[in-house]
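One structure is given here, and the rest of the page talks about it.
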Amino acid sequence: MRPHILAALLRKEWDRHLANRGGVALGLLLVAAAVLMGAFAPDEAAGSVGRVGGAHHCFVEYDAETPLVAHLARNVPPELAGQVVFRRLADADAVDGLIVYDPGVGSIQLRQPAGGAVRVSVWYPDGDPAALARFEGWFWRESRRAFGEQARRDGASAPDPAFGPDDSWLVLEAHGRLRDRAGSAVPELVVDRKGLGGAVLDVRAAVATGMVAFALYFACVYLLATLTCEERERGLLLAQALSPASTTEIIAAKALFYPALGIGLAAVVAGAYRPDVLAEPFFWLSLAAVGGGFLGVGLTVAALARTQRAAFLGAMGYLLAVSLVLLGCTTGGVRWVPALAVEYHGPRVLHAALTGSVAEDHWGHLLAAAGLAAGWLALAGWLFRRVGWQA
Amino acid sequence: MPSHAIRIAGLRVVFGSFPAVDGLDLDIRAGELFGLIGPNGAGKSTTLRVLTGQRRPTAGAVTVCGYDVAREWAAVRPLFGYVPDRDNHFAEFTGRKNLRFFARLYGVPPRRADEVLDLVELDGAADVAVAGYSLGMRKKLLLARAVLHDPPVLYLDEPTANLDPRSAALVRRILRDRVNAGATVVLTTHDMDEVDAACDRVGVVCRGKLVALDSPAALKQAHTERVVDVVRADGRREAFAVDTDRGRRGLAELVAAGRAASVHTREFDFRATFLRLTGQAFE
């Protein structure tokens with residue numbers, strides 16, 4: 001790696017961007033938007049929940065495999081199939097002993113220690129008590145059937161009293177009457193309903209996170225891939241590859257320049273939103289990890305695409321495809337596939353850094369992003385060395 | 001430098017089952033201007049790609065200034081300049097900026113960029129963006145870039161295409177000056193007049209093989225048809241082969257009788273020679 005060649009290649013990249021003013025203009029627009037966002041209503045409290053109401057999934061979590069759980073599992077109606085997930089409480093994802101749920105997910109927890117009272121805890125998405133209405137309706141109806149069958153098995157002739165599955169008071173009242181007739185054959189029922197809690201999404205922080213992530217994506221995927229392919233299409237990569245600059249030096253210059261540009265732009269955007277963030281190591285580590293991941297994606301697109309047009313379509317197609325996969329997995333309850341995407345971990349760590357709410361699990365996301373970045377870079381380096389500069 | 005700047009021995013390049021170059025043997029001397037000609041698909045561009053490291057040979061050995069192109073590419077790379085058949089400049093940069101970028105890569109001082117701009121007579125357009133250059137100006141800028149680091153070997157693919165006669169003459173003069181200074185120049189072209197006017201030696205390749213190798217004059221000598229075309233006074237045309245007694249006698253009688261309105265010898269025709277050598281027409 002010769003410094004004078006690396007310097008020449010880096011300067012060339014810089015000069016190209018100054019000469020092609022479209023990218024500069026877009027970068028300036030990003031910064032202007034961040035400045036405006038920081039300047040207007042800087043002390044505004046978190047104003048709204050950035051999520052459509054309702055829950056697309058409901059966990060039924062239990063401490064033991066009781067007949068009630070078995071009955072519920074056997075009687076999930078077709079319209080809720082795939083949206084009700086049964087699991088043991090011990091298997092739930094927890095941080096510091098607290099179970100963590102994804103946005104748009106609620107839970108009905110069943111605890112029946114030593115065959116005593118059945119304790120039902122309904123956890124609905126915060127601020128949306130009716131979010132689990134469909135699931136609760138089914139749950140109470142089937143619970144009621146299970147208890148009724150249990151009472152009949154134990155010899156009680158108990159016609160069902162009036163029952164309204166959408167109302168906790170009615171549920172408890174009906175259950176009390178059932179117990180009055182069936183006696184100890186039916187366990188006591190304790191119901192408790194709570195919001196899941198957690199921070200409410202600050203829309204400005206979400207927008208700032210999006211802009212920072214976009215700045216990285218814009219530089220490391222879009223600009224890198226399209227300009228590299230433009231160089232290939234016009235024979236410029238070939239001209240450089242036939243000069244004393246080696247393939248490694250050509251890749252290294254791009255691998256230095258575009259992340260530096262992206263991180264610089266992202267830092268300016270983040271600094272305009274919240275200047276304090278620039279003093280936080282986690283923020284810079286997040287930029288490096290996410291920028292590295294995007295760099296690997298950009299180099300991979302640049303190596304595979306032959307033309308500037310193909311690179312543009314590749315960069316945008318990748319973004320769309322990943323977005324669709326993440327959306328599908330989130331709404332479909334698939335948990336491990338999103339973890340394979342830099343775009344899953346990136347916004348989480350960037351948002352945590354921008355809002356100063358870094359928790360232990362964010363370090364896990366950071367490590368995952370860094371690991372994925374290493375994988376992408378290894379793939380991209382191999383591809384680029386194999387086919388990258390050839391016309 | 002060895003007496004042979006470029007040695008190609010048993011070069012074979014195969015695409016799938018098609019041999020683009022099929023056992024080519026060719027030595028190009030140091031300090032000569034060599035023309036590589038052949039019909040489309042003959043293998044000359046593939047040979048040039050091997051020489052410039054863009055393609056690895058399937059078999060055979062290629063050395064440039066004593067260095068093996070496949071094994072010692074790092075040593076070969078600074079030894080040559082290359083003018084491709086299509087321009088590949090940074091269109092948004094000026095001519096000067098393009099050359100200064102490559103000057104930095106080659107580690108030559110920036111003023112060298114100005115010198116070569118003068119050399120190709122682009123000094124007046126040095127600070128104009130290349131996007132505004134004509135095809136001919138771009139071609140000349142390619143030559144300027146190729147000679148920027150004063151390489152001992154120059155490869156040129158159709159160097160005078162799109163050039164006006166004056167610019168073509170300028171390019172030929174620059175190439176001749178390079179050769180006089182000891183450099184080796186290899187050019188591929190379809191322009192037979194250029195081969196005749198510029199090259200010291202010519203190699204004719206066809207179907208991946210070398211079918212003729214000599215100076216243009218020797219090729220003329222060997223392949224010119226010794227035929228005289230006569231237009232008789234009555235308007236009829238007649239041809240006399242002067243290699244035969246009958247032909248010589250018939251021509252002499254016609255001229256002596258004053259019945260020849262005009263007499264023309266058939267000059268060397270590279271196209272006809274080419275047809276004879278390769279069995280293919282120029283395209």
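The values are calculated or read from the model by the stated rules, or taken from the named source; none is laboratory data. Predicted model only: the values in this text are computed from it and were never measured. Positions of Cβ are backbone-derived with ideal geometry, glycine not excepted, and every protein chain shown enters the neighbour counts.
Out of B:T244, B:T184, one residue alone is polar (S, T, N, Q) and within 19 Å of the chain's Cα centre (by Cα). It is B:T184.
For the range B:1-57, no strands (runs of 3 or more DSSP E) sit wholly inside it while including 2 or more residues that are closer than 15 Å to B:T188 by Cβ and of a type in the set (S, T, N, Q). Only residues that are closer than 26 Å to B:V242 by Cβ and surrounded by 17 or more Cβ atoms within 10 Å (Cβ to Cβ) were counted across the range B:205-226, and they come to 5.
Before we move on, is B:A252 free of Cβ contacts under 8 Å to residues at least 60 places away in the same chain, surrounded by fewer than 17 Cβ atoms within 10 Å (Cβ to Cβ) and in the same structural domain as B:L36 (by TED's automatic domain parsing)?
When the stated conditions are applied, B:A252 does not pass them.
Residues in the range A:87-140 that are under 22 Å from A:P77 (Cα atoms), charged (D, E, K, R) and touching a helix residue (DSSP H, G or I) at 6+ places or on another chain (Cβ under 9 Å): A:R134, A:E136. Which residues, taken from the range A:204-224, are hydrophobic (A, V, I, L, M, F, W, C) and either touching a strand residue (DSSP E or B) at 6+ places or on another chain (Cβ under 9 Å) or over 28 Å from A:A310 (Cα atoms) (or both)? A:A205, A:A206, A:V207, A:A208 - these are the residues of the range A:204-224 that are hydrophobic (A, V, I, L, M, F, W, C) and either touching a strand residue (DSSP E or B) at 6+ places or on another chain (Cβ under 9 Å) or over 28 Å from A:A310 (Cα atoms) (or both). Considering only the range B:189-203, I want to know if a residue exists there that is of a type in the set (S, T, N, Q) and either assigned by TED's automatic domain parsing to the domain that holds B:A252 or touching a Pro at 6+ places or on another chain (Cβ under 9 Å) (or both). Yes, because at least one residue in the range B:189-203 is of a type in the set (S, T, N, Q) and either assigned by TED's automatic domain parsing to the domain that holds B:A252 or touching a Pro at 6+ places or on another chain (Cβ under 9 Å) (or both). Of the residues screened, A:A8 is one that is assigned by TED's automatic domain parsing to the domain that holds A:C220, at pLDDT 85 or above and touching a helix residue (DSSP H, G or I) at 6+ places or on another chain (Cβ under 6 Å).
Just one of the listed residues (B:P152, B:P57) is away from chain A (no Cβ under 13 Å), crowded, with 21+ Cβ neighbours inside 10 Å and under 30 Å from B:G23 (Cα atoms), and it is B:P57. Just one of (1) assigned to a helix (DSSP H, G or I); (2) of a type outside the set (D, E, K, R); (3) touching a helix residue (DSSP H, G or I) at 6+ places or on another chain (Cβ under 6 Å) trips up A:V358, so point out which. Just one mismatch for A:V358, condition (1). Scanning the range B:12-37 for residues that are over 26 Å from B:G182 (Cα atoms) and not polar (S, T, N, Q) yields B:R12, B:V13, B:V14, B:F15, B:G16, B:F18, B:P19, B:A20, B:V21, B:D22, B:G23.
Within the range B:174-211, the set of residues being closer than 17 Å to B:I8 by Cβ, touching a Phe, Trp or Tyr at 6+ places or on another chain (Cβ under 9 Å) and aliphatic (A, V, I, L, M) comprises B:V185, B:V186, B:L187, B:V202, B:V204.
Quick check on the range A:62-82. Is at least one of its residues part of a loop (DSSP other than H, G, I, E, B) and closer than 19 Å to A:G195 by Cβ? Within the range A:62-82, not a single residue is part of a loop (DSSP other than H, G, I, E, B) and closer than 19 Å to A:G195 by Cβ. In the range A:10-29, the residues that are within 11 Å of chain B (Cβ to nearest Cβ) form Cβ pairs under 8 Å with partners that are modelled with pLDDT under 85 and part of a helix (DSSP H, G or I), at six or more places apart or across chains, as follows: A:H17/A:G23; A:H17/A:V24; A:L18/A:V24.
Every residue, every condition in (1) of a type in the set (S, T, N, Q); (2) in contact (Cβ under 8 Å) with a residue 24 or more places away in the chain; (3) in the same structural domain as B:V204 (by TED's automatic domain parsing), yes or no:
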site: B:N40; (1), (2), (3): yes, yes, yes
site: B:G66; (1), (2), (3): no, yes, yes
site: B:E92; (1), (2), (3): no, yes, yes
site: B:R112; (1), (2), (3): no, yes, yes
site: B:L117; (1), (2), (3): no, yes, yes
site: B:D123; (1), (2), (3): no, no, yes
site: B:A126; (1), (2), (3): no, yes, yes
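Just to check your reading of the model, which residue among B:V204, B:V186 is in contact with a helix residue (DSSP H, G or I) (Cβ under 6 Å, 6 or more places away or on another chain), touching a residue at least 12 places away in the same chain (Cβ under 8 Å), not in a helix (DSSP H, G or I) and not hydroxyl-bearing (S, T, Y)? Just a single option satisfies the conditions, and that option is B:V204.
Of all the numbered requirements in (1) at pLDDT 90 or above; (2) more than 15 Å from the chain's Cα centre (by Cα); (3) farther than 28 Å from A:I251 by Cα, A:L324 misses one, and that requirement is (2).
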